[in-house]
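Here is the structure we will look at, set down as structure tokens.
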Amino acid sequence: MTDLKGKRILLGLSGGIAAYKAAELTRLLTQAGAEVQIVMTAAACRFITPVTMQALSGNPVHSDLWDASVPNNMAHIELSRGCDAIVVAPASADFLAKLAQGLCDDLLSTLCLARECPLLVAPAMNLQMWGNPATQRNMKQLREDGIAILGPASGDQACGEVGMGRMLEADEIFEEIEAFFQPKLLAGKRVLITAGPTFEPIDTVRGITNTSSGKMGYAVARAARDAGAVVTLVSGPTALAAPRGMERIDVSSAQEMYDAAMARVAKADVFIGVAAVADYRPKNAKPHKLKKGTGDMTLQLQPNPDILGTIAARRKAPFCVGFAAETENLDAYADAKRRRKKVPLLAANLAQHAFGADDNQLILFDDKGRHELARAPKLELARALVAHIAKLLPKK
Ligand code: C5P
């Protein structure tokens with residue numbers, strides 16, 4: 001089950017070079033099980049052909065306000081009825097100006113004005129056009145009108161300039177659409193999350209780490225963000241891209257992770273410790289590369305601070321959630337860990353199934369007992385975990 005399965009999306013394209021990204025977006029939407037209806041402006045048809053969009057969406061493409069093939073000849077009303085959302089990507093400066101003014105001189109702008117469903121727009125334009133006070137005035141108006149604005153991003157532009165105005169990539173817009181449909185269960189909450197492994201230096205080039213990929217922690221961060229929370233992600237070394245729309249602090253050792261978390265915990269309503277924090281670190285890490293000797297070598301270890309335990313023991317502790325990765329006796333170890341760390345909720349998984357994989361299986365332990373979540377992609381489990389947290393959070 002994906003978040004967009006069965007959703008009906010009207011994807012509108014206005015004229016801009018970023019129109020090619022709408023082709024990939026259409027694929028992502030249809031692969032996720034959404035029903036996609038494409039509407040293009042005349043200018044959009046100059047950048048990418050309706051044939052391409054028809055092939056990818058599996059539906060006839062409309063661009064004419066006077067389309068006799070629509071039974072009641074009211075394409076401007078019919079096409080958006082029953083839709084879950086209209087998404088305009090790319091949304092050109094001209095199209096956004098029209099939206100802000102309520103103009104409707106072609107099919108797409110008329111559909112937007114006559115809609116009953118939410119409207120999301122992904123601006124795409126040259127940086128001067130984006131920065132122009134007229135465009136900024138229009139954007140302010142669109143926000144006030146309750147239109148969701150996706151992006152834009154900053155970076156290389158097709159015109160050769162570099163700056164703000166580039167349309168988000170197709171996968172980013174797809175993620176934003178998924179996020180849009182999530183219930184805002186953590187609206188207004190501040191959530192602090194640790195994720196990934198830690199790296200404990202032995203000398204300047206060696207260290208002790210573990211095989212945690214960070215995927216589960218990042219999925220939890222994304223699910224919390226999509227649920228409306230303000231998220232801070234303290235991440236150990238991972239190969240994962242920084243998720244959009246949250247603060248990410250990169251750390252390496254458990255001590256750095258501890259310091260970063262402690263510096264931010266006072267403001268947090270919820271703390272979720274997903275990181276696989278090393279329990280020990282080498283004593284006296286050497287400030288140079290260790291030389292090979294002839295005999296055995298002994299590495300002395302000392303305990304790391306327990307981030308979750310310390311935060312849970314605070315006088316004004318946030319709602320604390322722990323993770324436990326075990327290789328055996330999952331239930332017994334996990335529940336004992338929850339009691340020892342004094343956290344209201346602990347999510348347990350089998351390390352051999354969880355580390356590095358895209359799927360996972362979680363069992364949640366709280367005061368009411370054991371709640372098993374079926375095996376699923378990590379993002380789906382993360383959304384279920386967020387929903388469980390939202391249920392347990394003290395009501396103000
Ligand atoms: O102590 P143990 O590793 O068994 O417990 C796992 C849980 O505790 C996870 O939520 C992990 O993020 C957290 N933890 C921590 N600091 C440590 C060790 C574990 O926050 N030093």
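Points worth noting:
- Residues in segment 381-396 that are of a type in the set (D, E, K, R) and modelled with pLDDT of 95 or more: R383, K391.
- Residues of segment 46-84 satisfying the condition of being acidic (D, E) and over 18 Å from L29 (Cα atoms): D64, D67, E78
- Scanning segment 36-53 for residues that are surrounded by 16 or more Cβ atoms within 10 Å (Cβ to Cβ) and either among the hydroxyl-bearing types (S, T, Y) or in a helix (DSSP H, G or I) (or both) yields a count of 7.
- Search result, residues across segment 121-137 that are in contact with a helix residue (DSSP H, G or I) (Cβ under 6 Å, 6 or more places away or on another chain) and surrounded by fewer than 21 Cβ atoms within 10 Å (Cβ to Cβ): M129, T135
- Hits in segment 53-105 (condition: at pLDDT below 95 and either outside the structural domain of A23 (by TED's automatic domain parsing) or of a type in the set (D, E) (or both)): D64, D67, E78, D105
The values are calculated or read from the model by the stated rules, or taken from the named source; none is laboratory data. Predicted, not measured: the structure shown is a model, and the values here were computed from it. Cβ sites come from the backbone with ideal geometry, for glycine too, and all protein chains shown count toward neighbours.
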